[in-house]
Each structure stands twice: as C-alpha cells, then as structure tokens.
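Worksheet: one structure, shown below.
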Amino acid sequence: MFVLDIEIKKNEIILNEKEINNLDKFVISLIKILEKYTSYVIVSGYLAIFFGRTRATEDVDVIVKKCDLTKFIKEIEKRQYWVVNATDVKGSMCLLEKNLSIRIARKNKFVPNLEIKFAKTEIDKIALKNRIKVIFDKNSLYFSPIELQIAYKIFLGSDKDKEDARHLYNIFSEKIDKKKLENFSKMLKVDKKLSLLWR
Amino acid sequence: MAIEMIDIKELRKQIRQNKKERMKFIDIWCEYMKKVSNKEWSSQQAELINSQIKEDMI
C-alpha cells in the first residue's frame, strides 16, 4: 500500500518538498502579519487544497480569537492589501464585532481573499483550541484538526464539500484518529453519512 | 421555435453518474499522489492554481 510522504506527530504535520503555489504564497504572507496580533486557525476548503485537492478557491477561511484587530488592519493596508467589504478600519472592526467576516485581498483585487472572523460557534472554538501546526520546508501554518474538517465538510454537504471530505479522508485515512472522526461526526450529527468517505 | 422535449429522468441519471465519476477521479488522483513525490504532485497542482491565481493577485 502506498502512503503520502507526510509525517504526523501529536499536534504537527510535516510535509516537505511541496511546490508553493500562488495561493499558498498569498496565505503565508498574510498569516505572517496576522499571527503578530492574534492566534488563528485555517479551516475549510484551503485545507483540502493545501493537501493536494485539484481545485483553487476564491477565499481562505480563517478563525481568530476575539481581539482588537485595528493594528493588524492598519498594517495590511500599509503593505498594499485592503479590506474588500469595509470602507475603513472602524467599519472592519464593526463587522467583526457583529460576528461577520472581513475579506482581505491585494489592493484593488477581490480574489483571492482571506476571510477572517472571530471564533463564535463551538466548532470554531474546538478548531482554534486543537489547531495543528503544519510545517512545510521553511514555512508553517496552523490548520484545524483534519478529523474535524472531514466531519464538517460532510455537514456542509454540497458536492464540492463532499469531494473535499473524500479527498482529505483518502490522503489521511491511514494516519487519522478514527475515533476522533467518529466523535466529531456524532457532534455534527453526520455519523450516518460517513459512508460517503469509503470507496 | 419548436421546444424539444427533455428527458429529465435521463438528465438526472447523467448528473448522478457525473457525481460518481468525480468521486472516482478524486480516488485516482489521491492514489497517484501517494505513489509519487510531494514535489511531483504539487507541481501539477501548482500549474492549475497558478493559471487561475496570477502573481499580481497575491
């Protein structure tokens, strides 16, 4: 049986020699700024894409611990990014306070964008608390636990989400904690739908 | 213009089949990813992503 060249430790995944694509570069550069101000976790579609899914995306979902992001927003503006869906810093913070997201893109561009929101739901908080450090050559990013993302993708339920779940399961099937996957699936009431992961 | 009758049942069958084939492709691609180096699969993936997300967008 073949397995992906990946190393999994307790709270770490090591993936070396991955060619860094433009979406990765975008995420790495913005996260480097974000992590100076708050703790974060990347969730949803970008996880599947990072680990090889053959599709792009217009947005990368990031959950952050609730805090004042004024200085972060000022810094990204200084570095030629902008908040697509707010006119100024105050407006951005207002959206976040209302538990809505802000979308950050390169100045005068709309896609790709980093969609940032405060941790609100129990799932958001679990993802942030149990985040996994993914190390790839000289870079690192924090991702949601794979088991949680597989269950969450099944919960979301669109064709694209089911395909992402299947991809992640295929890639990590020999390495993930099956009990954890079962528990997250029960939490999200999708345990009876897990069969879509099996071939 | 004459309106052609569409066989909805046939169309739905085709959509179901297409969903199955997409899942099958994911299985085949993942098998491939496991057989080759990370550099190999990720460079193919990068070609696809970089064709949609250009340097000036990041």
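Side notes on the structure shown:
- Across q = 0.16 Å⁻¹, the protein assembly as shown modelled as identical point scatterers on its alpha-carbon atoms has Debye log10 I(q)/I(0) values of -1.24, in the order of the q list.
- Using 0.36 nm per residue and subtracting the Cα-Cα separation, the extra length available between A:Asn130 and A:Val89 on full extension is 11.8 nm.
- Counting every other Cβ atom within 10 Å of each residue's Cβ, B:Trp29, B:Trp41 order from fewest to most as B:Trp29, B:Trp41.
- HN-Hα J in Hz across the range B:24-29 - Karplus 6.51, -1.76, 1.60, θ = phi - 60°, x for Gly and Pro: 4, 4, 4, 4, 5, 4
- Positive dipole terminus of the range A:5-191, leading residue within A:Asn11, A:Val190, A:Leu96 (C-beta point charges): A:Leu96
- Of the GluC sites (Glu not before Pro) in the range A:87-183, those whose Cβ has at most 13 other Cβ within 10 Å and which sit in DSSP loop: A:Glu174
- Cα long-axis angle, helix A:146-156 against chain A (0 to 90 degrees, to the nearest 10): 80
- In terms of its Cα atoms, the range A:24-98 spans 38, 24, 22 Å along the principal axes, sorted from long to short.
- Straight-distance crosslink candidates among aspartates and glutamates, where the alpha carbon sits under 18 Å from B:Lys13 and sequence neighbours closer than 8 are dropped: A:Asp159, B:Glu21
- Pairwise FRET efficiency - B:Gln14 versus A:Asp137, Cβ, R0 = 45 Å, nearest 0.05: 0.55
- Panel order for B:Asp7, A:Asp191, by other beta carbons found within 10 Å of each beta carbon, from fewest to most: B:Asp7, A:Asp191.
- Neighbouring partner chain Cβ atoms per residue of A:8-21, average, 10 Å criterion: 3
- The range A:70-103 versus the range A:19-40: alpha-carbon centroid distance in Å: 16
- Taking label points 7 Å from Cα along the Cα-to-Cβ direction, B:Glu21 and B:Ile6 give a separation of 1.8 nm.
- Remark: spin-label model distance A:Lys10-A:Trp198 equals 3.3 nm, labels positioned 7 Å along the Cα→Cβ axis.
Values in this text are rule-based calculations from the coordinates and carry no lab data. Remember, predicted model here, so these are calculated numbers, not experimental data. Cβ sites come from the backbone with ideal geometry, for glycine too, and all protein chains shown count toward neighbours.
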